Amino acid sequence: MYSLDTLNVSYKKKKGDINRRLNHFRSVFKKSDEFIFKELCFCLLTPQSKARTCDKAIETLYKTGLLFDDTEKEISNKVRDIRFRNNKARYIILARDLFTDSKTNKISIKKTIQKYEKDIPALRLWLVKNIKGMGMKEASHFLRNIGKGNDIAILDRHILRNLERYKVIDSIPKTITLKRYIEIENCVRKLSEDTKIPMDALDLLFWSKETGEIFK
């Protein structure tokens with residue numbers, strides 16, 4: 001049931017939709033610093049929360065401008081449907097402080113990404129080390145969503161479940177250290193090479209199998 005042949009058949013059926021979504025991600029970095037920051041904040045909200053719920057919350061904060069002006073308490077009050085909302089509101093404020101230019105008082109995040117974008121693994125580690133609440137999974141998610149994650153894996157529960165089903169990993173680890181994350185990511189890279197399905201496409205394929213949609 002879970003063979004590489006069936007995986008390829010599934011991919012062929014969804015390839016068009018997946019490619020359209022990936023092309024959208026690749027266009028995101030042309031947008032404003034504020035838009036890129038919004039995507040980072042979306043990924044900060046996602047741990048143990050539904051992506052659609054997080055997207056709705058962050059879009060409201062972004063469109064009203066509250067993402068850039070509200071206090072920690074006010075942001076927490078506006079993301080009531082998000083698990084651990086108090087912590088995540090604090091993470092947003094800390095990230096906002098980190099990426100606010102002291103001279104212009106505006107968000108400036110793209111220049112940091114551009115500084116590292118020829119070395120995506122180094123950029124990902126920088127994000128993990130400097131942004132409170134951002135682990136390897138969230139950093140990988142963010143980079144994929146801004147078109148910089150074609151050769152990295154987003155190891156969330158949906159992906160890990162499928163990796164186990166297709167015998168890419170023996171079991172789903174209860175916790176994932178940095179070393180283990182890289183090891184599993186290398187296994188995903190090998191699966192990508194064996195199936196000729198790009199890594200970022202594999203992620204959306206597995207995610208759609210679990211959720212029924214190709215989202216982000």
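The values are calculated or read from the model by the stated rules, or taken from the named source; none is laboratory data. This one's a predicted model, so the numbers in the text were calculated from it and none came from an experiment. In this analysis, Cβ positions are derived from the backbone assuming ideal geometry, glycine residues included, and neighbour counts consider all displayed protein chains. To get the accessible areas, we keep the full protein, side chains included, count just its heavy atoms, and leave off ligands, DNA and RNA. Shrake-Rupley method; radii C 1.70, N 1.55, O 1.52, S 1.80 Å.
Assuming R0 = 45 Å, can you tell me the calculated FRET efficiency for the pair Glu183 and Asn86, based on Cβ-Cβ distance, to the nearest 0.05? Computed FRET efficiency for Glu183 and Asn86: 0.85. Extension gain for the segment Val9 to Glu193, taken as residue separation times 0.36 nm less the Cα-Cα distance, is 64.6 nm to one decimal. Amide H contacts of Thr100 (H built 1.01 Å from N, in plane; Pro and chain starts excluded): Ser108 sit under 5 Å, all sequence-distant by 5 or more or on other chains. The calculated Kirkwood hydrodynamic radius for the stretch 96-216 is 15.4 Å, given to one decimal from all distinct C-alpha pairs. Counting only protein heavy atoms and a 1.4 Å probe, the stretch 48-91 has 62 square angstrom of accessible area per residue. The aspartates and glutamates whose alpha-carbon is closer than 20 Å to the alpha-carbon of Lys78, local same-chain residues fewer than 8 away aside, are Glu34, Glu39, Asp55, Glu59, Asp69, Asp70, Asp97.
Split the accessible area of the chain by element, probe 1.4 Å, and carbon with sulfur accounts for 48%. Measuring nothing but how far apart in sequence close Cα pairs (under 8 Å, 6+ apart) lie, relative to its length, the chain scores a relative contact order of 25 percent. Three principal axis extents of the stretch 150-216 based on alpha-carbon atoms, in descending order, are 29, 23, 20 Å.
Taking θ as phi - 60° and the Karplus parameters 6.51, -1.76 and 1.60, the scalar couplings of the stretch 157-162 work out to 5, 5, 5, 4, 4, 6 Hz in sequence order, x denoting glycine and proline.
Using the alpha-carbon positions of the stretch 11-61, Rg (one decimal) and Dmax (whole number) come out as 13.0, 37 Å. Show log10 I(q)/I(0) for the stretch 21-114 at q = 0.11 Å⁻¹, two decimals, from a solvent-free Debye sum over equal Cα scatterers. The computed values of log10 I(q)/I(0) come out as -0.30.
Average accessible surface for the stretch 129-176: 46 Å² per residue, computed with a 1.4 Å probe over protein heavy atoms with every protein chain in place. Restriction of the trypsin sites (Lys or Arg not before Pro) in the stretch 37-145 to DSSP coil positions whose beta-carbon has at most 11 other beta-carbons within 10 angstrom yields Arg80, Lys103, Lys118. A simple count of charges around Arg21, restricted to other residues whose Cβ falls under 12 Å of its Cβ and scoring Lys, Arg +1 and Asp, Glu -1, yields +2.
Only lysines eight or more places from Lys174 in sequence, or on another chain, were considered; those with a Cα closer than 18 Å are Lys137.
Note that the stretch 38-52 has calculated 3J(HN,Hα) couplings of 4, 5, 5, 5, 4, 5, 5, 7, 5, x, 6, 9, 6, 4, 5 Hz, one per residue in order, obtained from phi through the Karplus relation 6.51 cos²θ - 1.76 cosθ + 1.60 (θ = phi - 60°); glycine and proline are x. Across the stretch 70-83, coupling constants 3J(HN,Hα) worked out from phi with the 6.51/-1.76/1.60 Karplus curve, θ = phi - 60°, read 5, 7, 4, 5, 5, 5, 4, 5, 8, 10, 4, 7, 9, 5 Hz, and Gly and Pro carry x.
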